Amino acid sequence: MGTVPFDRSVLKINQVVLMAGLLIGWVVSLVRPAGWVALPVFAAMMLHGAAVPGQSLPRQVYLRVLKPLARVKLDAEEAR
C-alpha cells in the first residue's frame, strides 16, 4: 500500500480561522449586548465544517482564495 501526500496548509488555515473567529466573537459579545449570538453561530459553522468537510469555510477560503493567489505555499507530508 502506498503513501498519500497530505497538505497540512489547510489545517493551518483552519487553526487561524478558528482562533480569529473565537477572538472576534468574544470581542463582539463584549461590545454589543446582542453579540452573544456570535459565538454559538461560529461554533455551529465550525461543527458543520467538521461534519461536512467539503463545505468547511477554512477549506473553501484556502482552495478558492489563498491557493489560487499563491498566498500559502504547499506543505505536503506523506500520510500513512
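Readers should treat all values here as calculations from the given coordinates under stated rules, not as data from a laboratory. Computed from a prediction, not measured in an experiment: that's the story for all the values here. Cβ sites come from the backbone with ideal geometry, for glycine too, and all protein chains shown count toward neighbours.
Assorted remarks:
- Over all pairs of different C-alpha atoms, segment 13-74 has a mean inverse distance whose reciprocal, the Kirkwood radius, equals 12.6 Å.
- Proximal charge balance of Y62 [Cβ under 10 Å; K/R count +1, D/E count -1]: +4
- The C-alpha atoms of the chain define a longest principal axis, and helix 9-31 lies at about 0 degrees to it.
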